[in-house]
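Written below as structure tokens is the structure these notes are about.
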């Protein structure tokens, strides 16, 4: 699967190291009942606890941790150092293989243009060509595995809202609310085991392309294509209800 565009500048004031962040979200979400994963990335600097508002168990690997060095909202985000860091959720807890309409989105800050996985639903050895992944690849955002490629060069060292939606058989990629392209595919999303955020250990189809940077406000909405045309990216944390 994949990723979106443009530059959002400016961070919220950062709390002192070791502090806990829990900013107040505004408004409500009419599709909240369809949200299957919501990671605000709040917490104490250096913590390896990632809390999903929908109750999923999120397991960190490597040095994946909460960091106050960068944030889009609330003074903290998830940090991935580009070497073996990831978050995983078992298929029993999160399964989007039969999702139908779908939205995967979040805010990304990276200083590297190397190949990097943002989110993937598949983890198989080399030779199997079925996988679905949001990733940065060959210096560009890419939606891979389901529809082929929709590419857009990333902006480094800036927060960017990224989103991929599926509406019927139409897949769309957005960066900063701007449609980057669309593809038609009725193929099912491949998901054999856990979903991974920030990397996928052992997935040799696209390599162990670990994320180098920060993620904030990561959300998956199942059964709803939230964005089908250009839109204004969120200006506050995703609602909790």
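Of all positions in segment 213-233, none carries a residue that is over 24 Å from residue 85 (Cα atoms), modelled with pLDDT under 95, out of contact with any helix residue (DSSP H, G or I) (no Cβ under 8 Å at 6 or more places or on another chain) and not in a strand (DSSP E or B). When segment 63-86 is filtered for residues that are at pLDDT below 95 and within 26 Å of residue 33 (Cα to Cα), only 74 remains.
Scanning segment 144-193 for residues that are at pLDDT 85 or above and assigned to a loop (DSSP other than H, G, I, E, B) gives 156, 157, 158, 168, 169, 176, 177.
Listed here are the residues, each with its yes/no results for (1) modelled with pLDDT of 55 or more; (2) buried (at least 20 other Cβ atoms within 10 Å of the Cβ); (3) touching a helix residue (DSSP H, G or I) at 6+ places or on another chain (Cβ under 9 Å).
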site	(1), (2), (3)
105	yes, yes, no
122	yes, yes, no
126	no, no, no
129	no, no, no
135	no, yes, no
140	no, no, no
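Checked against (1) modelled with pLDDT under 95; (2) on the phi > 0 side of the Ramachandran plot; (3) surrounded by fewer than 17 Cβ atoms within 10 Å (Cβ to Cβ), residue 97 meets all criteria but (2).
The values are calculated or read from the model by the stated rules, or taken from the named source; none is laboratory data. Only a predicted model underlies this, so the values are computations on that prediction, with no experimental measurement involved. Virtual Cβ from ideal backbone geometry, glycine too; neighbours counted across all protein chains shown.
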